[in-house]
1. Over the stretch 300-352, one equal point on each Cα, no solvent: what is log10 I(q)/I(0) by the Debye formula at q = 0.14, 0.19, 0.21 Å⁻¹?
2. Specify the inter-centroid distance of the stretch 188-206 and the stretch 300-365, based on alpha-carbon positions, in whole Å.
3. Do the sum for the chain: with -39,500 (n - 2.57) for every DSSP H run of n ≥ 4, divided by all residues, what is the mean residue ellipticity at 222 nm, to the nearest 500 deg cm²/dmol?
4. If R₀ is 51 angstrom, what is the calculated FRET efficiency for the pair HIS108 and ASP202, using the beta carbon separation as r and rounding to 0.05?
5. Give me D for the stretch 12-71 in µm² s⁻¹, whole number, from Stokes-Einstein with Rh from the Kirkwood sum over alpha-carbon pairs, 4 °C and 1.567 mPa s.
6. Using the scaling law 2.2 N^0.38 Å as the reference, what is the normalised Cα Rg of the stretch 72-135?
7. If you average 1/r over every pair of different alpha-carbon atoms in the stretch 143-266 and take one over that average, what Kirkwood value in Å do you get?
8. Once you sort the root eigenvalues of the Cα gyration tensor of the stretch 294-393 as a ≥ b ≥ c, which label holds: rounded (a/c under 1.5), prolate (a/b larger than b/c) or oblate (the other case)?
Amino acid sequence: MKKVVLAYSGGLDTSCAVRWLKEQGYDVVCFVADLGQGLGEGEDLEAIESRALAAGASKVYIKDLQDEFVEDFVLPALKANAVYEGKYLLATALGRPLIAKYLVEIAHKEKASSVAHGCTGKGNDQVRFEVTAGILDPRLEIIAPVREWEFKSREEEIEYAHMYNIPIDVTKKKPYSIDRNIWGISIEAGVLENLEQEPPEDAYLITKSPTQISTYPKYIEIYFEKGVPKKIDGRTYKLKKLIEHLNETGGLYGVGRSDMVENRLVGIKSREIYEAPAAAILHTAHKELECLVLDRELAHFKEIISLKYSELVYYGLWYSPLKQALDGFVNATQKHVTGSIKLKLFKGNCTAVSRKSPNSLYKKELSTYGKEDKFDQKLAEGFIKLWGMPYKK
Ligand code: ARG
C-alpha cells in the first residue's frame, strides 16, 4: 500500500484530508508539529492526536519543535527585522519550512513515497511546504488534497466531516481559519473577508481589547546580547520562555494586533488579522537598540535587507542560497547589538521609552544644545559647501 505522511493540524482541512487520502488508497501517517500552538489556552495536542486517529490515520507523530522553531527560525528573522509589508511578523510563514523539514524526515523514516498538506490552492502555505520539501528531497511526491477535491466551500467540507464522523471543532457560525504558534496567530476567513467590517472582538484569542485595558501603562525592560533577547527586567530566560512571558504580558495590554490586507504570493490580496504580542515587543525593542548601535549607513542598508528577508520568508524561500547569504550579513550586523530597551505597553501600543548600551554611538557631548557641547559648528560650513556643490549649477 502507498504511504503518505500528512502535515496534520487538527483543523477542518487536514481532518478531511486524512479521510480523502485514504479514499485515494493511501496509508496515512499524520505528523503534528508542536510549534507552541498548545500554549496558554491554545490547542489541545492530545485531542488533535485522537482526532487524527478518528479521522483514519494509521499512526500519529507529535514532535515538540518549539525550541528549534524559536532558535533557528524566529531568531534569525528577528535579527533581520523581517516584517512583511510593514505589519506581518511572519509567525505562520516561519513555521512552514520547519514543518516541511520534519515532514520529509518522517517520510524517510516511514519509507513513504509521498507527503501531503492541507493547504488551499490560493494561499502561500502550499508554496512554502512544497518548495521546502522539494529542496530537501525532490523525489518525494507531494499531494495537496484541498487543491484536488470536489468541495466548493468550507460549508461543504463541514458537511463531509459530519457525514464520516470526522471530529472537528468549527461551527458554521464562526468559521475562522486560524494558524497558531508561539510567535503569533493568523486569523482569516468568515466575516473578516468583508473589508468594510472591523474585526469582531471574538476573533482575537490572546490579546485583550485595547479599549478594555487599565489606564495604567506597564513598563518592561528587554536586554539583548548580540541581537539575542536574553532578559526581561533583569531576569534571564531561555528564548522560548522569554517569548511565552512576553506573549502573556503583551496580550494583557492589547499589544501585537494587526489587521491588514496583504499581497499573497499567488497574486491575490487577502485580509488577515494577526496577534503577536511577543513578536511585536521584541521587534520594537530590537529595532530601537539597533538605532543606537548601528552606524547610519549600515542601518539604512539593513532596511533593504530586512525588506528582502521578509519577502524570502513569506515566499517560502527559507532554504534558498540568497536567504543563507543574507543571514551572513545579518549576523555580522548583530555584533554590537547589546543593551537594554525599556518599553511602555499601553492600550495596544508598545513604545520605547529608554535605551542603554555599552556600544551606543550616541554621544551626548556632540548632540547636546547645552554648554558641554563639543561639536565644532564651524566645520559645518565647509561640509555643507562641498555637499551641496554639485547641485548649485
Ligand atoms: N497570511 C499568512 C501567511 O501567508 C497566514 C496564512 C495562514 N492563515 C490562516 N489563518 N490559516 O503567512
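1. -0.55, -0.79, -0.84
2. Centre-to-centre (Cα) distance: 30 Å.
3. The helix contribution divided over the chain gives -12000 deg cm²/dmol.
4. 0.75
5. After rounding, the answer is 106 µm²/s.
6. 1.25
7. 18.0 Å
8. Since a/c reaches 1.5 but b/c is at least a/b, the shape of the stretch 294-393 is classed as oblate.
Each value in this text was obtained by applying a stated rule to the coordinates, not by laboratory testing. The structure presented is a predicted model; accordingly, all values stated were derived computationally and were not measured. Glycine gets a Cβ as well: all are built from the backbone with ideal geometry, and neighbour counts include every protein chain shown.
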